[in-house]
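Structure, as structure tokens:
The values are calculated or read from the model by the stated rules, or taken from the named source; none is laboratory data. Just so it is clear, the model here is predicted, and its values are computed rather than measured. When we count neighbours, we look across all protein chains shown, and the Cβ atoms used for this are built from the backbone with ideal geometry, even at glycine.
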Amino acid sequence: MVSAIFIVTGLGLMMGALLGVASKYLAVEGNPLQGEIEELLPGSQCGQCGYPGCTPAAEAVVNGEAPVTMCPPGGKALAEALAEKLGVSIDLSAVEERAPTVAFIHESLCVGCTKCFKRCPTDAILGGPKQIHAVFADACTGCEKCYDVCPTECIEMREVKPTLQTWYWPQPAKAA
């Protein structure tokens, strides 16, 4: 019994050491620019840019397959940061600045069809078949995918109210 414990422990230590050495010497180096671009992106995996997540979107931006203005939640600030990082010029006239929104479900209109939470990329919607649904506002990215598929139009996109943690001092108006 004791010898079996020592044998299994020895095998575990030996396999762990081999895996550690293999991970160091057989590691595949990625593009460091792609990692930097991915850190700039919001990381919400909402798919509004047309890519399934922020990692493939960052790869497409680095490879030149996607414009730097492709992220709607990031807005103009993100587009400018991406353009500066990549050293490209951009036209910000097509980028619209929107206030952050979250989904709100009117419970009196919800029939529990489950179409909304099947489309939600962040699992921000709680509910089940033939049950009333609700939205976790902290998890909602405002991608409007649930809003587009709701057959009863019970989902409303509401602007996020500023709190003490999210409020910022607006810039003063420029004198004429």
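Descriptive notes on the structure:
- Of all residues in segment 130-160, those being surrounded by 14 or more Cβ atoms within 10 Å (Cβ to Cβ) and in contact with a Pro (Cβ under 9 Å, 6 or more places away or on another chain) number 4.
- Scanning segment 51-94 for residues that are in contact (Cβ under 8 Å) with a residue 24 or more places away in the chain and of a type in the set (D, E) yields a total of 1.
- Hits in segment 148-176 (condition: in contact (Cβ under 8 Å) with a residue 40 or more places away in the chain and either farther than 17 Å from I125 by Cβ or in contact with a strand residue (DSSP E or B) (Cβ under 8 Å, 6 or more places away or on another chain) (or both)): C154, I155, E156, M157, R158, E159, V160
- Which listed residue is farther than 16 Å from P73 by Cα, polar (S, T, N, Q) and modelled with pLDDT under 85, from T152, T163: T163
- Reported count of residues in segment 97-110, each being of a type in the set (V, I, T) and in contact with a Lys or Arg (Cβ under 8 Å, 6 or more places away or on another chain), is 2.
- Segment 78-106 - residue that is surrounded by fewer than 12 Cβ atoms within 10 Å (Cβ to Cβ) and of a type in the set (A, V, I, L, M) and, of those, farthest from L126 (Cα to Cα): A94
- Residue selected from segment 34-44 under the condition part of a helix (DSSP H, G or I) and free of Cβ contacts under 8 Å to residues at least 40 places away in the same chain, by the criterion surrounded by the most Cβ atoms within 10 Å (Cβ to Cβ): E38
- Extreme residue, nearest to the chain's Cα centre (by Cα), among residues of segment 118-176 that are of a type in the set (S, T, Y) and over 17 Å from T101 (Cβ atoms): Y168
- Within segment 111-131, the set of residues being under 17 Å from Q48 (Cβ atoms), touching a strand residue (DSSP E or B) at 6+ places or on another chain (Cβ under 8 Å) and part of a helix (DSSP H, G or I) comprises just one member, C116.
- Single residue of A77, A66, A27 found to be part of a helix (DSSP H, G or I) and either among the small types (G, A, S) or modelled with pLDDT under 90 (or both): A77
- The conditions of being among the aliphatic types (A, V, I, L, M) and under 30 Å from E144 (Cα atoms) are not met by A4.
- Remark: pairs (first residue in segment 95-111, more than 17 Å from E153 (Cα to Cα) and touching a residue at least 60 places away in the same chain (Cβ under 8 Å); second residue crowded, with 18+ Cβ neighbours inside 10 Å and of a type in the set (S, T, N, Q); Cβ separation under 6 Å; 6+ apart in sequence or on different chains) are absent.
- Qualifying residue in segment 45-59 (condition: surrounded by 12 or more Cβ atoms within 10 Å (Cβ to Cβ), within 21 Å of the chain's Cα centre (by Cα), closer than 26 Å to E156 by Cα and of a type in the set (V, I, T)): no
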